[in-house]
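The values are calculated or read from the model by the stated rules, or taken from the named source; none is laboratory data. All values derive from a computational prediction rather than experimental measurement. As a convention, Cβ positions derive from the backbone with ideal geometry for all residues, glycine included, and neighbour counts pool all protein chains shown. Remember, those area values only see protein heavy atoms, side chains included, never the ligands or the DNA or RNA. Shrake-Rupley method; radii C 1.70, N 1.55, O 1.52, S 1.80 Å.
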Amino acid sequence: MHRTKIAYGTQPSQFGHLYHVADPADRPGRMRPVVLVHGGYWTTEFGLTIESAIARQYAQRGALVWNVEYRRVGEVGGGWPASGTDVRSAVEALDGVVPDALDADLRACVDWTDVAVVGHSAGGQLAIWTVAQLGAKTSSTVITTVVAQASALDLVGAGRVARPSVEGLMGAPYAEAPERYRQASPIEQDPFDAHVVAIHGTLDTAIPVDVSRHYVDTVSARGQSAELIVVPDEGHDAFVDPRSVCNRQTLRVLGI
């Protein structure tokens, strides 16, 4: 397994880890690029290493994995909108520093027209917002799939009940900044040309499965391609366990 740390900006948290199989003999003829956006309440209590085991597994299965960090609440510049714009910049790095880090033969194996963006929990909010802002493409890639794993998909609803993590991200209570909440909320984004798959465990107590169900129902009615996969008997953190059913469902969606 080969891992490279790549900066996509000048700030300490503007970097990612790029994973791929090390032996050219193990490379598939086609490698799907997968961007991972970690969760953790948008705070510095959690970082991209919580996705390291998942990133390695995906790469071992033939994907080119870009596991990204971003500025979070608790560090200079963290919070909204910088956390979102950092993830957007990290995805746009697929146009430059990411392919530049690959040798020519490996770069030729990557299908840049079939990018997937996977976000867990807070990372799912960032993933959907980013893809919506980009219109599901960068200058040289096409994003075809977004996987929202037990994600924060309705920031307006969370703000109205004063969820502390969401207020921390937004920097103000909902009553003081309703438009900021709306602009950042996945459920409020215009439809985009990628398929969204919301995956959620029934035992999730951090974000109830009804959040994903409401998101899919609402955005589908507006024309967004979206579906919901409900996984019985697993909770919020199952997605960072390579052995979980939630992760196996993600692998199935990604086709790796």
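Please work out if Tyr41 is under 19 Å from Ala150 (Cβ atoms) and open to solvent by 40 Å² or more (accessible area, probe 1.4 Å).
yes
Any residue that is outside any helix (DSSP H, G or I), more than 17 Å from the chain's Cα centre (by Cα) and closer than 22 Å to Gly157 by Cβ - is there at least one of those in the range 238-251?
Among the residues of the range 238-251, not one is outside any helix (DSSP H, G or I), more than 17 Å from the chain's Cα centre (by Cα) and closer than 22 Å to Gly157 by Cβ, which makes the answer no.
What residue, among those in the range 103-122 that are among the β-branched types (Val, Ile, Thr) and farther than 30 Å from Thr43 by Cα, is least open to solvent (accessible area, probe 1.4 Å)?
Looking at the filtered set, the residue picked out is Val110.
Checking the structure you have, find out if any residue of the range 20-32 is open to solvent by less than 10 Å² (accessible area, probe 1.4 Å) and either in a loop (DSSP other than H, G, I, E, B) or within 13 Å of Asn67 (Cβ to Cβ) (or both).
No - not one qualifying residue is present in the range 20-32.
When you scan the range 128-145, how many residues do you find that are open to solvent by less than 10 Å² (accessible area, probe 1.4 Å), within 26 Å of Ala238 (Cα to Cα) and in contact with a helix residue (DSSP H, G or I) (Cβ under 7 Å, 6 or more places away or on another chain)?
Of the residues in that region, 3 qualify.
Condition test on Asp233, is it farther than 20 Å from Trp42 by Cβ, touching a Leu at 6+ places or on another chain (Cβ under 7 Å) and in a loop (DSSP other than H, G, I, E, B)?
yes
Collect the residues in the range 157-182 that are surrounded by 16 or more Cβ atoms within 10 Å (Cβ to Cβ) and either assigned to a helix (DSSP H, G or I) or in contact (Cβ under 8 Å) with a residue 40 or more places away in the chain (or both), keeping them in residue-number order.
Of everything in the range 157-182, those that are surrounded by 16 or more Cβ atoms within 10 Å (Cβ to Cβ) and either assigned to a helix (DSSP H, G or I) or in contact (Cβ under 8 Å) with a residue 40 or more places away in the chain (or both) turn out to be Gly157, Ala158, Gly159, Ser165, Val166, Glu167, Gly168, Leu169, Met170, Tyr174, Arg180, Tyr181.
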